[in-house]
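Report on one structure; see the data block that follows.
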Amino acid sequence: MRALITAAGPCTLRSEPADSPFRVLIRSIAHQQLHAAAAARILERFVALYAPETFPSPGALLATPEPALRAAGFSFAKIRALRDLAEKTLGGIVPPSADLHELPDELIIERLTQVRGIGPWTVHMMLMFQLGRPDVLPIDDFGIRNGFRVAYGLKGMPAPRALSEYAERWRPHRTMAAWYLWRAVELHRSGRLPIAPRPPRAAVQKPPRPRKAKRKAGAKLKNPSAPRPRAHK
């Protein structure tokens, strides 16, 4: 990691505080499995439904007819996620910004992943880029796993659990470590990445061993190298 930090330079990660987790998660749902430009157009049509308000409240979202949300560009699955988010915000599971800042990372992950369609990766991104939490490492993120692979010269991708165990040495600055692992991929592509000493073999995901074919009961094993009996004339 020391060689990677030297090559990448000072960490420039900065958090951008958002108005509320409700708004952040709406944007996250809109961006799922879509190009950024397409998601931006959907969000623009969505917000326009509530003009002159700049953004809907959870109650207003629940009162919006499904055809209007479909016309904005949301799929049926995303509409269910949006409605579930609104219900859980009104029910207090998704807290307002003031309360969210007082909660520890683990509790934020536990509560927000109760929303339909919201997984740990989405919450990790919120913790890093909106809340500015310093000790977050999204171990399932492909870019981070790939960055670890190229930074340490591994042939295979690190297993998430093994990566999590290895990253314990980076506490309480794992958010910064994640930023540098993302940069490792860019440096590798440009040929400017120094290779760090390899971590323990446990950090590498080993491919499963091929299973041996089961022999049927009573079947004889063939030996291709054995001489064949000569036919009698």
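The values are calculated or read from the model by the stated rules, or taken from the named source; none is laboratory data. Remember, predicted model here, so these are calculated numbers, not experimental data. Glycine also receives a Cβ, built like all others from the backbone with ideal geometry; neighbour counts cover every protein chain displayed.
Condition check ((1) modelled with pLDDT under 55; (2) over 24 Å from the mean Cα position of the chain (by Cα)) across all residues:
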site	(1), (2)
R161	no, no
R171	no, no
R183	no, no
S190	no, yes
A196	no, yes
A202	yes, no
R209	no, yes
K212	no, yes
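Out of L69, L100, L61, L90, which single residue is hydrophobic (A, V, I, L, M, F, W, C) and within 25 Å of P138 (Cβ to Cβ)? Can you show your working first?
Details: L69 fails: within 25 Å of P138 (Cβ to Cβ); L61 fails: within 25 Å of P138 (Cβ to Cβ); L90 fails: within 25 Å of P138 (Cβ to Cβ).
Result of the check over L69, L100, L61, L90: L100.
Could you count how many residues in segment 181-192 are more than 12 Å from F148 (Cβ to Cβ) and of a type in the set (A, V, I, L, M, F, W, C)? Total satisfying the criteria: 1.
Every residue, every condition in (1) part of a helix (DSSP H, G or I); (2) acidic (D, E); (3) over 27 Å from K78 (Cα atoms); (4) outside the structural domain of Q33 (by TED's automatic domain parsing), yes or no:
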position	(1), (2), (3), (4)
A98	yes, no, no, no
I108	yes, no, no, no
G117	no, no, no, no
K155	no, no, yes, yes
P158	no, no, yes, yes
E168	yes, yes, yes, yes
W182	yes, no, yes, yes
L187	yes, no, yes, yes
R192	no, no, yes, yes
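Restricting segment 1-46 to residues that are basic (K, R) and part of a helix (DSSP H, G or I), the residue that is farthest from R189 (Cα to Cα) is R45. Scanning segment 26-38 for residues that are of a type in the set (A, V, I, L, M, F, W, C), modelled with pLDDT under 95 and surrounded by 15 or more Cβ atoms within 10 Å (Cβ to Cβ) yields one hit, L34.
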